[in-house]
1. Return the inverse of the average 1/r over all pairs of distinct C-alpha atoms in region 36-167, which is the Kirkwood hydrodynamic radius, in Å to one decimal.
2. Counting each pair of different Cα atoms once, what's the Kirkwood radius of the chain in Å, rounded to one decimal?
3. What's the local net charge at Pro286, with K and R +1, D and E -1, over the other residues with C-beta under 15 Å away?
4. Name the residues whose placed amide hydrogens come within less than 5 Å of the amide hydrogen of Val222, ignoring near sequence neighbours (fewer than 5 apart) on the same chain.
5. On a straight-distance basis, which lysines could pair with Lys168 in a cross-link, Cα separation under 27 angstrom, same-chain partners fewer than 8 positions away excluded?
6. If R0 is 25 Å, what FRET efficiency do you get for Gln261 and Val66 from their C-beta distance, rounded to 0.05?
7. Compute the distance from the alpha-carbon center of region 34-90 to that of region 174-245, in whole Å.
8. May I ask you to compute the full-extension gain from Thr39 to Asp113, defined as 0.36 nm times their residue separation minus their alpha-carbon distance, rounded to one decimal in nm?
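Nothing in this text is a laboratory measurement; each read-out follows from the coordinates by a stated rule. All values reported here derive from a predicted model rather than from experimental measurement. Reconstructed Cβ throughout: ideal geometry from the backbone, glycine too, with neighbour counts over all protein chains shown.
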Amino acid sequence: MPRRLTTVLSTAALAGALVLTGCGEETGSTPSSTLTGVTVTGSDPKAEPTVKVAAPLKLTKTESKVVTEGTGAAVKKDDLVSLQAVLVNGTSGKVLTSTWKQGPVGLDLAAADLFASFKSEIPGKKLGSRVVIASTPADAYGATGNQTLGVGKDDPVVFVVDLLSTAKVLKEATGTAVAPKAGLPTVVMNAGKPAAITAPKGVKPPTKTVVQPLIEGTGPAVQKGQTVRVAYTGALYRNGEVFDSSASRPEQPYFEFPIGQGQVIKGWDNGLLGQKVGSRVLLVIPPADGYGAAGSGDKIKGTDTLMFVVDILAAY
């Protein structure tokens, strides 16, 4: 991945904690007396709430209640929703993890592996709302639990989520084809596989980053500070060797990052800013805007110019 910084507990890892092995049925709910055992304090929408659970929480079905109702549009079942979340073990009452330190995560409500409790309880809620979701084991981590987080197979889980914004998720770039300038690398897309990117013979690599849209999307322009979801392939200018591709990870064939925050190489931060959602963009990045003189790993030398083809799937 084109990251400059790596953290042990990344936003992506927190998002993963909300999608692993969700396998229950999708059933909506109405709040019952069970949720009176969950107390949420803190009214500042920009600050993490304090969550206390009267453990052990006994659930016969997944339930939810709105603590604070927002004034935004209702979330739809096929939206990508950006949210903050606090996770609590319903058996012990222990807070397991929170997204508030790392920042919001984006969850695709149409994803097959998302918790059933999220699929049933989030759609219909208004943006700006703070919602308690008390999930049965079957509607969350399932029969395996999550040992890393500290969730046993019989543990209910309480989520307190703040619904921030929504976006539509594309599977690939879509829009109007753009004829690239002469003398640039050529791109051949391969469905489900890394793209083939070939530098033109006899043409020296550029000394400044080249940004060439191949498809211009019809979505909003990417803004600094947004989280961007992309699918991409990266290859070396000198020989076309692919060194990284989201297509090589079929379990999650995309990558998300906050743009303009120095979390990815400069060529990405600058080159994708302002591009429209739905676009396919060719980036040709010299070392100064890539990994610098140190290179990266065994494949990328300090003198390597990099070629990327990037599909912008969502921004939120």
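1. Evaluated over region 36-167, this radius sits at 14.7 Å.
2. Details: mean 1/r = 0.0478 Å⁻¹.
By the Kirkwood definition, the hydrodynamic radius is 20.9 Å.
3. Local net charge: +2.
4. Sorted by chain and number, the residues that satisfy this are Gly274, Gln275, Lys276, Val277.
5. Lys46, Lys65, Lys76, Lys77, Lys101, Lys119, Lys125, Lys126, Lys193, Lys224, Lys266, Lys276
6. Efficiency for this residue pair is about 0.20.
7. Region 34-90 and region 174-245 have Cα centres separated by 41 Å.
8. Full extension from Thr39 to Asp113 adds 23.8 nm.
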